[in-house]
1. Among the residues of region 209-237, what is the count of those that are open to solvent by 50 Å² or more (accessible area, probe 1.4 Å) and small (Gly, Ala, Ser)?
2. Mind telling me which of the residues 479, 466 ends up being open to solvent by less than 10 Å² (accessible area, probe 1.4 Å) and not acidic (Asp, Glu)?
3. Has region 247-270 got at least one residue that is in contact (Cβ under 8 Å) with a residue 60 or more places away in the chain and basic (Lys, Arg)?
4. Do we have residue 148 as β-branched (Val, Ile, Thr), crowded, with 20+ Cβ neighbours inside 10 Å and within 19 Å of residue 209 (Cβ to Cβ) here?
5. Return yes when residue 341 is open to solvent by 40 Å² or more (accessible area, probe 1.4 Å) and outside any helix (DSSP H, G or I) and no when it is not.
6. Among the residues of region 266-284, are any open to solvent by 30 Å² or more (accessible area, probe 1.4 Å), touching a Ser or Thr at 6+ places or on another chain (Cβ under 6 Å), part of a helix (DSSP H, G or I) and charged (D, E, K, R)?
7. I'd like the full set of residues that are under 20 Å from residue 121 (Cα atoms), open to solvent by 30 Å² or more (accessible area, probe 1.4 Å) and assigned to a helix (DSSP H, G or I), limited to region 251-265.
8. Which condition from (1) over 19 Å from residue 218 (Cα atoms); (2) open to solvent by 10 Å² or more (accessible area, probe 1.4 Å) is the one that residue 100 breaks?
Amino acid sequence: MSQHETPLYHGLLEHVKKDPIQFHIPGHKKGNGMDPEFRNFIGENALSIDLINIGPLDDLHYPKGMIKHAQQLAAEAFGADHTFFSVQGTSGAIMTMIMSVCGPGDKIIVPRNVHKSVMSAIIFAGAIPIFIHPEVDKNLGISHGITVESVQHALDLHPDAKGLLVINPTYFGISADLKTIVDLAHSYNIPVLVDEAHGVHIHFHEALPMSAMQAGADIAATSVHKLGGSMTQSSILNMRGDLISYKRVQSILSMLTTTSTSYLLLASLDVARKRLATEGKQLIDKTINLAQYIRRQINDIEHLYCVGEEILESDSAFDYDPTKLIISVKDLGITGHDTEEWLRKNYRIEVEMSDLYNILCIITPGDSEKEANILIDALKALAEERKDKASKVEARVMLPNIPLLALTPRDAFYSETELINFDDSVGRVIAEFIMVYPPGIPIFIPGEIITEDNLAYIKRNMEAGLPVQGPEDYDFKKLRVIKEHRAIR
């Protein structure tokens, strides 16, 4: 096979050239049945390949033709035995991974700073999460990955776990010692599942952290749309080895996937793979150089700090991705959230995320020196505006403690519940998720006992304007908890 091929994309183009008369969905029929204003904006080319799984175009659920060929090319590019395309985003791929290894009552070892899709899958599967505390960076006030030592301890305590999930790299671009962790888990005959949502590019450049497939992991959900050039909501699921059945993975992914699969998303995966496989090294070279240029310029601005390779001097980080710019703004006397709003208002800059102390900006092949200099100039202007209020600030690391799990998440989610006042909820068992999103790290999951410290953590994030999500009662006056049945007097 040639990585220059794009069988899915070019198969669609050949189909369109035939100008078929369509008596099938989608009902807009090449845009003719669509609102003209929207059609003109989107364009006829895009609408012409907004198709469904008719005979000539193969079927994502049972691929035998162009989709199968495209997935085989992707597997070759990523060093996998099998690759599945996902139009349900990486969330759908993550759920598939977990439900492929776990059933009711099964244990799965996971870091606490997992994406909400991990916990959703654990509820669907009826599994029991065994949490590992991620390492905490006390300077930045953020959590990183898990250590080999913490994994060893978890495996010693729970050798009957059905899987170990690792985030590689984290949202902030920090990686654990994945190869050693994989080898360790495999010595217990436990498969390693990797949330690689923020690492599609790392496989294609030796200066970046090791990818899941390079490290020998069994299965990895990899978000191509985030950093690899495909359209939003398109991802892949790579797997290798025989600890997990690829046929079971295919069945579960099919169960979780719409039957009206988007060929726009599928085609974008096909062309993104081609570009990564044939031009990835050169593209990522330029991206890393641009990111390092921005990093140097930011670190010349007083009271700002952009994390670099010195992060590797700590025990919290084994490797890092320099294309992720973690910019600490705490010494300006302003929160990351306020910085995000200031950049939006004054420079039309949108950052990836913010927290109490930092903003995160991602640099990809889609960026140029023009955008880089706008960001640098904006941060210089902010620093100048804040110079009279700036001072050295110590980050108060206030990451939420992991509460006790009283019920399995599935049992709690489906229990009889009631709403009670937020401040009266200490000691009760919560029946809903609460998380800061992005990045979607849970503060509470269904089945955990509510603690005073974690309620204070929620309040602090809300006061800082950070996006705390989850409760049914959006203003956080009430929380949904397991209903208590008191004895009749």
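The values are calculated or read from the model by the stated rules, or taken from the named source; none is laboratory data. What you see is a predicted model; the values in this text were computed from it and never measured. Glycine also receives a Cβ, built like all others from the backbone with ideal geometry; neighbour counts cover every protein chain displayed. Just so you know, the surface numbers come from the protein's heavy atoms only, side chains and all, with ligands and any DNA or RNA stripped out. Shrake-Rupley method; radii C 1.70, N 1.55, O 1.52, S 1.80 Å.
1. Taking region 209-237 as the starting set, the residues that turn out to be open to solvent by 50 Å² or more (accessible area, probe 1.4 Å) are 210, 214, 226, 229, 231-233.
With the extra rule that they be small (Gly, Ala, Ser), the set shrinks to 229.
Of the residues in region 209-237, 1 are open to solvent by 50 Å² or more (accessible area, probe 1.4 Å) and small (Gly, Ala, Ser).
2. Values: 466 fails: open to solvent by less than 10 Å² (accessible area, probe 1.4 Å).
Matching residue, one of 479, 466: 479.
3. Yes: region 247-270 contains one or more residues that are in contact (Cβ under 8 Å) with a residue 60 or more places away in the chain and basic (Lys, Arg).
4. Numbers: β-branched (Val, Ile, Thr): yes; crowded, with 20+ Cβ neighbours inside 10 Å: no; within 19 Å of residue 209 (Cβ to Cβ): yes.
It is false that residue 148 is β-branched (Val, Ile, Thr), crowded, with 20+ Cβ neighbours inside 10 Å and within 19 Å of residue 209 (Cβ to Cβ).
5. On the way: open to solvent by 40 Å² or more (accessible area, probe 1.4 Å): yes; outside any helix (DSSP H, G or I): no.
So residue 341 fails the test.
6. Kept after step one, since they are open to solvent by 30 Å² or more (accessible area, probe 1.4 Å), are these residues of region 266-284: 271, 274-275, 277-279, 281-283.
Restricting the remaining residues to those that are touching a Ser or Thr at 6+ places or on another chain (Cβ under 6 Å) gives 271, 274.
If we keep only those that are part of a helix (DSSP H, G or I) too, we end up with 271, 274.
Those still in the list that are charged (D, E, K, R) too: 274.
Yes, region 266-284 contains at least one residue that is open to solvent by 30 Å² or more (accessible area, probe 1.4 Å), touching a Ser or Thr at 6+ places or on another chain (Cβ under 6 Å), part of a helix (DSSP H, G or I) and charged (D, E, K, R).
7. Passing the criteria: 251, 254, 255, 256.
8. Just one mismatch for residue 100, condition (1).
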